Amino acid sequence: MKRKVLIIYTGGTIGMEKDYETGSLKAFDFSTIANKIQEINLLDCEVGLYQFQKPLDSSDIGPRHWKKIAEIIHENYEDYSGFLILHGTDTMAYTASALSFMLRGLRKPVILTGSQLPIGHLRTDAKENLLTGLYYASYYENNEAVIQEVALYFEYKLLRGNRCMKISAENFDAFKTPNYPILGQSGVNLEVDRNVIFRPNINEAFRIDTHISNKVFLLWIFPGMNFNEVEQLMQNSEIKVLIIKVFGSGTFFSDKNIEKSLQNTRNKGIEIVVISQCISGEISVGKYDNSNIFKRLGAISGGDLTAESALAKAMHLIDNPNYHEDFATLFQRNLAGEISN
C-alpha cells in the first residue's frame, strides 16, 4: 500500500527561484514542484499539496499560522500517512516547538524542512531535504509510523522539533539539538534511533489544542543592564510569563534593588521562568549562590529547554483552559519530549 504524504507549503527559501529580469528571489507556484524535482514521481508514496495562498517569509510566521498548520493537519489527519511542512529556516524551530504542544496524541510523522539555497540554485540543498523529508514522513514499519512526533529534517539529520535551534545562517548544516541526540540520519540507509524517538501516551487520542497566548515576554540579561525599565514594563503590561535568559547554569546579579524589582513582578502574579544563555547544558538553581535568588522568588527552572521551546510552551500553557494543574507544575513536566527529567 502506498503511503500518502501531504506537503504543507508555507513559504521560505525552499520555494524561491531567481527572477532573471530583476535578479531578486521570488516565490513560485509550488504545484509545479514535480517539474523541478522529477524524482518526486519516483517515490513510493503519493504526494498531496496544500500551499498558503501567499507564501510567507518565516520572519512573518507566528501564532495564527501555527494554529492554521495544526488545523490543516487535523482536517487531513485520517487521509494522510504523514505531513511535510516546508518552512523558512529563521523561525522553523519556533513553529516546530509550537506544533509539538498543539498536536496531542500524535501518531503520524510531522516533519518540517526547508533550505538555505533556493530550489532552482545549482548547489541547492532543497532537493535532498525535500525528498528525504518525504521519506521520513512516509516511513512505516508493520503498519505503524516510525516517527510519531514533530521533527525537523535538515542536512541528512532528523532532529526533535522542540529541541532544535538554528545555529548557522550560512552552513547547510544549520540546525542542532545540543541537549538531545539526533533521531535519525540519512545515508545509504534511512536510519532512526528507536531509543530516543518519542511516543505519546497510549491512551491519548489524537486531537489539537491551538491555545496560544501572547502574554509572554523573553528577557536576555547582560552586564550593566538597567532593570528600572524592565520593572516599568512588567508593571504596565498584561504580561503573565517572564522568561529570563540568565548566565550559565542559572547565575544572576546579586543586586538587592534588582531582586526587589523582580519580587514586585512576582507580586503582580507574573510567572518567572529561568533558562540559560548557553547553547547546551541546563539550569541548576542552587549550584552557585548567585542563583539562589530564584528560589527566593519562587521562579521556575526551565531545565535544558531551548528559548524557542520555552516560549512556545509558556504561550501554550498560560491561561489554557484545557489544563487543570498550575502553570509551574505543567511547565516543568515533559509534555512532548522537550525537556529532560
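Taking the range 314-330, which residues are surrounded by 16 or more Cβ atoms within 10 Å (Cβ to Cβ) and not small (Gly, Ala, Ser)?
Passing the criteria: Met315, His316, Leu317, Ile318, Asn320, Tyr323, Phe327, Leu330.
Checking Val188 against (1) touching a helix residue (DSSP H, G or I) at 6+ places or on another chain (Cβ under 6 Å); (2) modelled with pLDDT under 90: exactly one of these is not met. Which one?
Evaluating Val188 over (1) touching a helix residue (DSSP H, G or I) at 6+ places or on another chain (Cβ under 6 Å); (2) modelled with pLDDT under 90 leaves (1) as the failure.
Sort out which residues of the range 88-109 are more than 19 Å from Glu155 (Cβ to Cβ) and either surrounded by 22 or more Cβ atoms within 10 Å (Cβ to Cβ) or among the basic types (Lys, Arg) (or both), and write them in order of number.
If the condition is that a residue be more than 19 Å from Glu155 (Cβ to Cβ) and either surrounded by 22 or more Cβ atoms within 10 Å (Cβ to Cβ) or among the basic types (Lys, Arg) (or both), then Tyr94, Ser97, Ala98, Leu99, Ser100, Phe101, Met102, Leu103, Arg104, Leu106, Arg107, Lys108 are the ones that fit.
Considering each residue of the range 26-47, count those that are under 23 Å from Glu155 (Cβ atoms), assigned to a strand (DSSP E or B) and either outside the structural domain of Tyr153 (by TED's automatic domain parsing) or modelled with pLDDT of 70 or more (or both), and give that number.
2
Taking the conditions exactly as written (outside any loop (DSSP other than H, G, I, E, B), within 29 Å of Ala310 (Cα to Cα), modelled with pLDDT under 95 and not assigned by TED's automatic domain parsing to the domain that holds Ala312), does Leu112 satisfy them or not?
No, not satisfied.
Being surrounded by 15 or more Cβ atoms within 10 Å (Cβ to Cβ) and of a type in the set (D, E, K, R), is that true of even one residue in the range 246-256?
no
For the range 235-341, give me every one of the helices (runs of 4 or more DSSP H) that falls completely inside it and has 1 or more residues that are modelled with pLDDT under 95.
256-267
Going through Ile270, Ile202, Ile182, Ile167 one at a time, which residue ends up being outside the structural domain of Thr95 (by TED's automatic domain parsing) and aliphatic (A, V, I, L, M)?
Ile270
The values are calculated or read from the model by the stated rules, or taken from the named source; none is laboratory data. Here the structure is a predicted model, which means the values were calculated and not measured. Glycine gets a Cβ as well: all are built from the backbone with ideal geometry, and neighbour counts include every protein chain shown.
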